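Encoded as structure tokens, the structure appears first; notes follow it.
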């Protein structure tokens, strides 16, 4: 496998976490433009843990994702009652706040004779854990996809439970959901925390693969992409957002013919799909149809 | 069975309900009439725990409901069929129905399956559409679905908020026949309606809500009925100046 291909696949995998985190909120009916904040919080949190405190990677990632989940839950408490545009603006404002705070964050300590740590807008270098521990690009890619598999599997299982039904009910209409006895506020805070954790896993992986992060990477365009992947790929299943990421990074960014025009094509694609298929390529109807066909062919096979 | 006393519910500084008191007696159909903006839906949301009362009390069989979460209210046997039906449009008819039994989904699978079957017997049209998304149903079918979904919670009292809204006359008759049947089976009904003529045909008792206050209470067939109907449609007492 070429380095280039490994790089593209790793990118797809990491951004997929961001797309899935936006998807979890989309399912509950909330459009967030701020998931990049949780990606950033965990990127910094896990980077600080491994590069400055010398923690092992798994613990650093756990810490980063937990921080991101906690931040998301805290944001959800005051924003749970906001809808539509108001929620979108609130999440966007929070994410910009996080980015600006990271620009001010300067904290370096001496690690084996070098100063390491975030340097405001100049960023945070030398998050070298995977190089110091001889983890190859292929191994790291497998780690990305292993975790991604766990998250997608977990979300798919969750969608079949009572909690999954409750989240979808809230996404459809909060009033009848509340009338049927769903604790809407608690479910929304749970969904937000879950989305923060998922974005956090992606952010932690990102910091360690790239080894250098800066606040400017986590600007609003990252959040817009994360959101758009779900809208393109579809809201019927957790696989939908992955399809969106593959289409954008795997196809638009990697095919040379689109070079320089990627954003134009991407923007056009989003606009077109919102008109033609407002709930994405893999929307609920398509997913039902596919599932039913799979069940039928299963019956035939037996 | 359901006793509402001096309920005040406000949106910010605006009091939509300004001390409402009324009662729904066990085994009966109680009807709440009133013009647009009188506060009928606000009252239904307050009783169901979706909105929170600022003052006052709602008691179901003697137990206070104000301040309780909606889950507790549903558990005590109160179910709301919201105005405009409010089904889950991108979710199948089956899942919509199952959602009605949300609180006992994990504990009582057999009971939920039984209740589902019972609703499909009652509303055969829903069985034909069981795998369709609720959003693809006609208005009347969606109203049936909303009623069936509420019944999945096994309510002792059913609150129905304008079930006839926007439906063809024949469908409205079907809905009212269903309400009548349910009542005959022992379900207490609190019915909010603008279609006063239809509602008064099946109601045992009715109230008139105007500008956040109960302004009239009586039994259908009383002398004042014409005026009440007039006010239910038009609001204000000016309608009586003939």
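A short reminder: the numbers here are calculations on the coordinates, not readings from a lab. Keep in mind that this is a model prediction, so the values were computed, not measured. No Cβ is skipped: glycine too gets one built from the backbone with ideal geometry, and neighbour counts run over all protein chains shown.
Over chain B, Cα pairs under 8 Å with separation of 6+ residues give a relative contact order of 28 percent.
What is the spin-label model distance, in nm, from residue A:163 to residue A:287 if the labels are put 7 Å beyond Cα along the C-beta direction? Result: 1.7 nm between the two label points.
In nm, what is the difference between 0.36 nm times the number of residues separating residue B:197 and residue B:25 and their Cα-Cα distance?
Details: separation 172, 0.36 × 172 = 61.92 nm, distance 2.12 nm.
Going from the current span to full extension adds 59.8 nm.
Neighbouring Cβ atoms within 10 Å as the yardstick, rank B:109, B:68 fewest first.
Values: B:109 11, B:68 15.
Ranking B:109, B:68 by Cβ neighbours within 10 Å, fewest first, gives B:109, B:68.
Taking label points 7 Å from Cα along the Cα-to-Cβ direction, residue B:68 and residue A:275 give a separation of 5.2 nm. Residue by residue along A:193-202, Cβ atoms of other protein chains within 10 Å of the local Cβ number 0 on average.
Run through the DSSP bridge list for the protein assembly as shown and note the antiparallel percent, rounded to the nearest 5.
Values: 26 of 44 bridges.
The answer is about 60 percent antiparallel.
The fewest-to-most ranking of A:163, B:182 by surrounding Cβ atoms within 10 Å reads A:163, B:182. Between residue B:36 and residue B:219, the contour length at 0.36 nm per residue exceeds the Cα-Cα span by 63.7 nm.
Calculated from DSSP H runs of 4 or more alone, at -39500 (n - 2.57) each and per residue, what is the 222 nm mean residue ellipticity of the protein assembly as shown, nearest 500? Provide the component values of the computation, followed by the final result.
Values: 22 runs with 295 residues, N = 544.
Helix contribution divided over all residues of the protein assembly as shown: -17500 deg cm²/dmol.
Its relative contact order, with pairs defined as Cα atoms under 8 Å and 6+ residues apart, puts the stretch A:3-301 at 32 percent.
Computed over the stretch A:3-301, the range of Cα coordinates on each principal axis works out to 63, 43, 38 Å, biggest value leading. What whole-number distance in Å separates the alpha-carbon centres of the stretch B:1-45 and the stretch A:204-233? Going from one Cα centre to the other spans 50 Å.
Could you tell me the calculated FRET efficiency between residue A:128 and residue A:183, based on Cβ-Cβ distance and R0 = 60 angstrom, to the nearest 0.05?
Values: r = 45 Å, r/R0 = 0.75.
Once the sixth-power term is evaluated, E becomes 0.85.
Place a point 7 Å from the Cα of residue B:204 along the Cα-to-Cβ direction; which residues of the stretch B:21-48 have their backbone N under 18 Å from it? The answer is B:22-33. Between residue B:11 and residue A:156, the distance separating the two model label sites (each 7 Å from Cα on the Cα→Cβ line) works out to 4.4 nm. Put simply, the Cα atoms of chain B extend 55, 39, 32 Å along their principal axes, the longest span coming first.
Among B:31, A:187, what is the fewest-to-most ranking by other Cβ atoms within 10 Å?
Values: B:31 26, A:187 19.
Result, fewest neighbours first: A:187, B:31.
Take the Cα of residue A:105, go 7 Å toward its beta carbon, and the backbone nitrogen atoms of the stretch A:61-95 under 17 Å from that spot belong to A:61-75, A:94-95.
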